[in-house]
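*Asks:* Can you read through this structure? Questions will come right after.
The values are calculated or read from the model by the stated rules, or taken from the named source; none is laboratory data. Keep in mind that this is a model prediction, so the values were computed, not measured. Glycine gets a Cβ as well: all are built from the backbone with ideal geometry, and neighbour counts include every protein chain shown. Protein only, heavy atoms only, side chains kept; ligands, DNA and RNA dropped before computing areas. Shrake-Rupley method; radii C 1.70, N 1.55, O 1.52, S 1.80 Å.
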Amino acid sequence: MTPDFVMRLGYAAGKVLSGQGANPAVLIGKDTRISGYMIEAALEAGFSAAGVDVHMTGPVPTPAVAYLTRALRLSAGVVISASHNPYPDNGIKFFSGDGFKLPDATEAAIEAEMDRAMGCNAAAELGKVRRRDDAGARYIEFCKSTFPNELDLKGLRIVVDCAHGAAYAIAPSVFHELGADVAAIGVRPDGMNINDGCGATAPSLLQQEVTRQKADIGVALDGDGDRLLMVDAAGRLYDGDQLLYAIAAHRAARKDKPAGVAGTLMTNLAFENAMRRLGVPFARARVGDRYVLELMREQRWQLGGENSGHIICLDKHTTGDGIVSALQVLRAVRESGRALAELTADLVMYPQVLVNVEVPRGFQWEKIEAIRKASSAAEQSLNGRGRVLLRASGTEPVLRVMVEGEPREAIESAAQSIASAVRSAAAR
């Protein structure tokens, strides 16, 4: 991702937005990677050249950009972040003025504009640029507003791991201002330590800190603050499926039963069975929070998420938000008077085995009879006590083989038999 490409992207997006209404303006936020400075400057130049005003926030979580874009009535929001990836990676994500992702037609128009030569408006028609020094404070107040006014977090000691990422100056303040005794880790970003052995992608550090500090609970965010894992006082880790269950089950218990809950192909089978026991409809989307959100909006459901920790509460925000999701779990803890282990006691997770098999790019495993037979035989061997999922990675040349069920020995054997068939077919 070079400055030239990013500037052209900003210009193309600016030209498209300029044609959609008067006085176009965008918000640009970023995480803490060192490359964010370069990309931020290039985007700013491209938008300004296209006549679009720019509001710069500096490091803020991805969901903060979605919220502020909507709250400030801007044309679009832009996030510079590679989320949970290591620091050399980076990416750019757009939100529309309503806080959701850009419509497909707008994305297509920007792509088409990228094929045209970049120009520059006359000096009098350049976009103006301003810093939003209040961005963090406004977002902190928004997060607090999603927690009931009659509740607080007094008496709770919480360890918050911000992964040296975008939430480092925000998340600890949210929990502290709601009354918690907060110990913050992962809050010293240097541009290169984001997600490095900490945060939601490496929760063992948080588990150690929670037990060492004798805390009541731990909160782990990823580099851009949209992913959440939690840890209880015993050091037990809770993934996205378990946290989503705690929220859904508590809402059902207080006579606010969800109309439905969306998961993904990777959502644990135990979660699906638990929703059935609660009488709550459940459906699976493709892996990826954007697909979960699409399904939720199609079904008009308020809750959804992934086991990786992306949790979406559409009655609170337009996108997945690690801080807001943590507050919904803590609301369940406070209102029920029960610990996280008690809230999730009815959700007995099935073991999962995931094997990544390297395959050639464009490998069409669906058309290979030997793989289909191995998958079918593995599923039959589970005798209705599990499921098999094969999924090509969207980011690397591997086929992901997932087998879920019980007993563990059976699913491990099933996964290896499928993986062996894949390796043999890929070697031909």
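*Asks:* Show me the trypsin sites (Lys or Arg not before Pro) within segment 120-154 that DSSP assigns to loop and that have at most 16 other Cβ atoms within 10 Å of their Cβ.
*Replies:* Of the trypsin sites (Lys or Arg not before Pro), the ones in loops of segment 120-154 whose Cβ has at most 16 other Cβ atoms within 10 Å are Lys128, Lys154.
*Asks:* Follow-up. Ranked from highest to lowest mean number of other Cβ atoms within 10 Å per residue, what is the order of the peptides 90-97, 330-337?
*Replies:* The peptides rank, most packed first, as 90-97, 330-337.
*Asks:* Here's a follow-up. Mind checking which of Val422, Gly155, Ile140 is farthest towards the positive end of the chain's charge dipole, using Cβ charges of +1 (Lys, Arg) and -1 (Asp, Glu) about the Cα centre?
*Replies:* It is Val422, whose Cα lies furthest towards the positive end.
*Asks:* Per residue, how much accessible surface does segment 319-428 expose to a 1.4 Å probe? Answer in Å², no decimals.
*Replies:* Per residue, segment 319-428 has an accessible area of 49 Å².
*Asks:* May I pose another question? For Phe282, Phe142, write out the residues from largest to smallest accessible area, computed with a 1.4 angstrom probe and no ligands counted.
*Replies:* Order by accessible area, largest first: Phe282, Phe142.
*Asks:* Determine the sum of side-chain charges near Val329: Lys and Arg each +1, Asp and Glu each -1, restricted to other residues whose C-beta is under 13 angstrom from that of Val329.
*Replies:* Residues close to Val329 contribute a combined charge of -2.
*Asks:* Right, here's the next one. Among DSSP bridges having both ends in the chain, what percentage is antiparallel? Round to the nearest 5.
*Replies:* 50
*Asks:* Per residue, how many Å² of accessible area does segment 244-300 show with a 1.4 Å probe?
*Replies:* Per-residue accessible area for segment 244-300 comes out at 46 Å².
*Asks:* Could you pull out every one of the lysines with an alpha carbon less than 28 Å from that of Lys373, ignoring same-chain neighbours closer than 8 positions?
*Replies:* Within the straight-line limit of under 28 Å, Lys373 reaches no lysines at all.
*Asks:* Put +1 on the Cβ of every Lys and Arg and -1 on every Asp and Glu Cβ in the chain; which of Met192, Phe175, Ala249 then has its Cα farthest towards the positive end of the dipole?
*Replies:* The Cα lying farthest towards the positive end belongs to Ala249.
*Asks:* Take the alpha carbon gyration tensor of the chain, find the square roots of its eigenvalues, order them as a ≥ b ≥ c, and report rounded if a/c is under 1.5; if not, report prolate when a/b exceeds b/c, else oblate.
*Replies:* oblate
*Asks:* When the helices in the chain are scored as -39500 (n - 2.57) per DSSP H run of 4 or longer and the sum is shared across all residues, what 222 nm value do you end up with, to the nearest 500 deg cm²/dmol?
*Replies:* It comes out at -12000 deg cm²/dmol, rounded to the nearest 500.
*Asks:* So how much accessible area does Glu111 have, in Å² to the nearest 10, using a 1.4 Å probe?
*Replies:* Here the accessible area works out near 120 Å².
*Asks:* Taking springs between alpha-carbon atoms closer than 10 angstrom, which of Met296, Met266, Met402 fluctuates most in the Gaussian network model of the chain?
*Replies:* The residue that fluctuates most here is Met402.
*Asks:* Counting DSSP beta bridges in segment 197-282, what percent are antiparallel, to the nearest 5?
*Replies:* Of those bridges, close to 90 percent are antiparallel.
*Asks:* Here is a follow-up. Where does the charge balance sit around Arg385 when Lys and Arg score +1, Asp and Glu -1, over other residues with C-beta under 13 Å from its C-beta?
*Replies:* -2
*Asks:* Counting Lys and Arg as +1 and Asp and Glu as -1, what is the net charge of the other residues whose Cβ lies under 13 Å from the Cβ of Ala105?
*Replies:* Charge balance near Ala105 sits at -3.
*Asks:* Here is a further query. Rounded to the nearest 5, what is the percent of antiparallel bridges among the DSSP beta bridges in segment 61-205?
*Replies:* Percent antiparallel among DSSP bridges in segment 61-205 is about 55.
*Asks:* Continuing with this model, one more query. Heavy atoms only, 1.4 Å probe, whole protein assembly: order Met192, Met56, Met349 by accessible area, highest first.
*Replies:* Reading off the accessible areas and sorting them downward yields Met192, Met349, Met56.
*Asks:* Give me the lysines in straight-line cross-link reach of Lys101: C-alpha distance below 20 Å, same-chain residues under 8 apart excluded.
*Replies:* Lys15, Lys30, Lys93, Lys316
*Asks:* Kyte-Doolittle cut-off -1.0, length cut-off 27 Å along the helix's own axis using Cα: show which whole DSSP H helices in the chain pass.
*Replies:* 408-427
*Asks:* What's the ranking of 162-168, 417-423 by average number of surrounding C-beta atoms within 10 Å, highest first?
*Replies:* The packing order, highest mean first, is 162-168, 417-423.
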